[in-house]
């Protein structure tokens, strides 16, 4: 028997003698893909799914304050085909590797423009990285690390990472694709003056009248102050589904951007709005008030 044949037989025998448990561990973190389309924008996550197997996870297996990819093997990746916002942070279209620094009271999620990195090769910090802060919550136990979209709305979604009893959620907001021109009948539902109040943490005045009117098929709003320091007092209202709109930022009469981090939501009764709320993407009330005329 030649030496090469003998070595080949020995190699085959060694594989056959590997315990079943060890073979199972080689595939312990199976690869998964989850994707969601939100108003024409598609988000795709590819990741491996480590299993808890009774281990203490965050603060032990995954130490506090240490960079980690929320998955296993090759780094978890996020690909978006259009610009979005995650927890209010702008994310340009592209494919990123996903990293996290877990802490007891907050997680920092970082997106690196290099998507092909093995999990123990931590990326260097650079100006090209995108950093997003979020607060973990306690949830029911999940044995395998899971990324999902538990909530999908007309203009956004929630992207959630869960493992063990820890949930880390990110608010996704997309650019609305719906036409901005409304029929006269639809415009008339919302036109009027609303007496608004605003909480102190917004930095806006405590009170102010919101005037809603229509010009050339575009529903517009006007407040006695600017939503952002460089904005006009007047802004467009861009439909995002039902009685919900996003402020459209204007330069003169031209619509140049949509503020996807703020929802303007009307309460409609018997065919006409009776009140309005300004909401963050996570549902916090920025301001609210009834129709007064």
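For residue 284 and residue 211 in one chain, what is 0.36 nm times their gap in residues minus the Cα-Cα distance, to one decimal in nm?
Details: separation 73, 0.36 × 73 = 26.28 nm, distance 2.19 nm.
Residue separation times 0.36 nm, minus the Cα-Cα distance, leaves 24.1 nm.
Tell me what the chain gives for mean residue ellipticity at 222 nm when only DSSP H runs of n ≥ 4 count, each as -39,500 (n - 2.57), the sum divided by the residue total, rounded to 500 deg cm²/dmol.
Numbers: 3 runs with 26 residues, N = 293.
Helices in the chain give a 222 nm mean residue ellipticity of -2500 deg cm²/dmol.
Taking the Cα of residue 33, stepping 7 Å toward and past its beta carbon, and measuring to each backbone N in region 77-108: which are under 18 Å?
Backbone N within reach: 77-82, 94-98.
Compute the acute angle (0 to 90°) between the alpha-carbon long axis of helix 3-16 and the principal axis of greatest extent of the alpha-carbon atoms of the chain; round to the nearest 10°.
Helix 3-16 sits at roughly 50 degrees to that axis.
For region 184-290, what is the convex hull volume of the alpha-carbon atoms per residue, in Å³?
On the way: hull volume 10.0 nm³, N = 107.
With only Cα atoms used, region 184-290 gives 93 Å³ per residue.
Apply 1/(1 + (r/R0)^6) to the Cβ-Cβ distance of residue 232 and residue 93, taking R0 = 35 Å, and write down the FRET efficiency to the nearest 0.05. Provide the component values of the computation, followed by the final result.
Values: r = 28 Å, r/R0 = 0.79.
Calculated transfer efficiency: 0.80.
Taking springs between alpha-carbon atoms closer than 10 angstrom, which of 56, 207, 30 fluctuates most in the Gaussian network model of the chain?
Per the Cα network of the chain with a 10 Å cutoff, 56 tops the list.
Using alpha carbons only, how many angstrom separate the centre of region 128-153 from the centre of region 234-293?
Using only Cα atoms, the two centres lie 28 Å from each other.
How big is the Rg/Rh ratio for the chain, C-alpha atoms only, Rh by Kirkwood, two decimals? Don't skip to the answer; put the middle values down first.
Details: Rg = 25.2 Å, Rh = 22.1 Å.
With Rg and the Kirkwood Rh in hand, the quotient comes to 1.14.
Using Cα pairs under 8 angstrom and six or more residues apart, how large is the relative contact order of the chain, in percent? Please list the in-between numbers first.
Details: 650 pairs, mean separation 33.8, N = 293.
12 percent.
Figure the gain on full extension for residue 140 and residue 152 (residue separation times 0.36 nm, minus the Cα-Cα span) and round it to one decimal in nm. It would help to have the intermediate numbers written out before the result.
On the way: separation 12, 0.36 × 12 = 4.32 nm, distance 2.06 nm.
Gain in length upon complete extension: 2.3 nm.
Any chance you could run the full-extension gain for residue 131 through residue 293? It's 0.36 nm times the residue separation minus the Cα-Cα distance, nm to one decimal. Don't jump to the answer; show the numbers that get you there.
Working: separation 162, 0.36 × 162 = 58.32 nm, distance 4.45 nm.
Answer, rounded to one decimal: 53.9 nm.
Quote the convex hull volume per residue of region 28-174, based on C-alpha atoms, as a whole number of Å³. Could you put the intermediate results ahead of the total?
On the way: hull volume 14.3 nm³, N = 147.
Residue-normalised Cα hull volume stands at 98 Å³.
Over all directions, average the projected area of the Cα convex hull of region 24-84 and note it in nm². Please report the intermediate quantities before stating the final value.
Values: hull surface 22.1 nm².
In nm², the orientation-averaged hull projection of region 24-84 is 5.5.
No value in this document is a laboratory result; all are computed from the given coordinates. Worth saying up front: this structure is predicted, and the values here are computed from it rather than measured. As a convention, Cβ positions derive from the backbone with ideal geometry for all residues, glycine included, and neighbour counts pool all protein chains shown.
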